[in-house]
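Encoded as structure tokens, the structure appears first; notes follow it.
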Amino acid sequence: MLVIRADLVEQMVAHARRDHPDEACGILAGPDDGSGRPERFVAMENAERSPTFYRFDSMEQLRVYQEMDRNDEVPVVVYHSHTATEPYPSRTDISLASEPFAHYVLIGTRDPEQHELRSYRIVDGDVAEEEVQVVENYMFAHTGSDDVPDPAPRA
Amino acid sequence: MTDGSLHRFVNVYVNDEDVRFAGGLDAQVPDGGTVTILPAVAGGAR
């Protein structure tokens, strides 16, 4: 399950809308502590500037990944948009997925009014969709396995 | 990769420069230089 703050969802969707009909892409960085919490929004340039393909600009990716290293962060979420098709990982997405610990978030912008947002794990060519829980903050959100039930998240 | 060329979806950097712009895998690594390898992050609807 992906638990994600509403403001991060809004930023990803705004980026996807801004770059539509080209695909938008980026990451959400989070602490490298196994919590799986996305904390920091980083929009990346789609070096392909294409409606059907994306690729992080290699120099921007190096800078961002070095910054994450310095901050003890990992790419908790890797997101991109599908601008004319269902937000489900394509064969290209699956064959190029190289972050088995990341949540792959796809944002569909084919409907101008209503975006779609779905999340997947992609490991060794296998795709598993997962539930997305959008929260105002992480304080009351379920953040992983523990022995004490968490209080119900706020709607 | 089997032909010894740089895989399209792997980024190799020498001293923070993408080797694609510095002679590919023939790029020279100076003494004390750093080599960074990152998987390219790419995909798309098609």
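Evaluate peptide B:33-41: per residue, the Cβ atoms of other protein chains within 10 Å of its Cβ; return the mean as an integer.
5
What is the local net charge at A:E48, summed over the other residues whose Cβ is closer than 10 Å to its Cβ (Lys, Arg +1; Asp, Glu -1)?
Values: positive: A:R49, A:R55; negative: A:D22, A:E23, A:E45, A:D57.
Overall, the nearby charge balance is -2.
Length gained on full extension, A:D72 to A:S50, computed as 0.36 nm times the residue gap minus the Cα-Cα distance: 4.7 nm.
Against the main long axis of the alpha-carbon atoms of chain A, helix A:6-19 sits at an angle near 0°. Partner shielding of A:62-71 amounts to 2, given as the average count of beta-carbon atoms from other chains within 10 Å of each residue beta-carbon. Other protein chain C-beta atoms within 10 Å of residue C-beta, averaged over A:88-97: 3. Modelled spin labels at B:F21 and A:D126, positioned 7 Å past Cα toward Cβ, are 4.0 nm from each other.
Could the peptides A:72-84, A:89-101 be put in order, highest first, of the mean number of other beta-carbon atoms found within 10 Å of their residues?
Ranked from most to least packed, the peptides come out as A:72-84, A:89-101.
Structural descriptor for chain A: relative contact order 25 percent, calculated from alpha carbon pairs under 8 angstrom and at least 6 residues apart. By the helix-only formula, in which each DSSP H run with n ≥ 4 contributes -39500 (n - 2.57) and the sum is divided by residues, chain A has a 222 nm mean residue ellipticity of -6500 deg cm²/dmol.
Backbone geometry of segment A:45-55 corresponds, through the Karplus equation with coefficients 6.51, -1.76 and 1.60 at θ = phi - 60°, to 3J(HN,Hα) couplings of 6, 7, 5, 7, 6, 10, x, 10, 8, 9, 7 Hz, x marking Gly and Pro. Under the convention that each Lys and Arg Cβ holds +1 and each Asp and Glu Cβ holds -1, the size of the dipole of segment A:1-85 around its Cα centre is about 220 debye. For chain B, a crude dipole built from +1 on the beta carbon of Lys and Arg and -1 on the beta carbon of Asp and Glu, taken about the Cα centre, is about 340 debye to the nearest 20.
Here segment A:61-101 is treated as an ellipsoid with the same Cα gyration tensor; its semi-axes, largest first and in whole Å, are 25, 11, 9. The base-10 log of I(q)/I(0) for chain B, evaluated at q = 0.21, 0.22, 0.31 Å⁻¹, reads -0.73, -0.78, -1.19 [Debye formula, identical scatterers on Cα atoms, solvent excluded]. With all projection directions averaged, the alpha carbon convex hull of chain A covers 9.3 nm².
FYI, it's all coordinate maths here, none of it is from the lab. As the structure is a computational prediction, the values presented were derived from the model and not from experiment. Ideal geometry is used to build each Cβ from the backbone, glycine not excepted, and the neighbour counts take in all protein chains shown.
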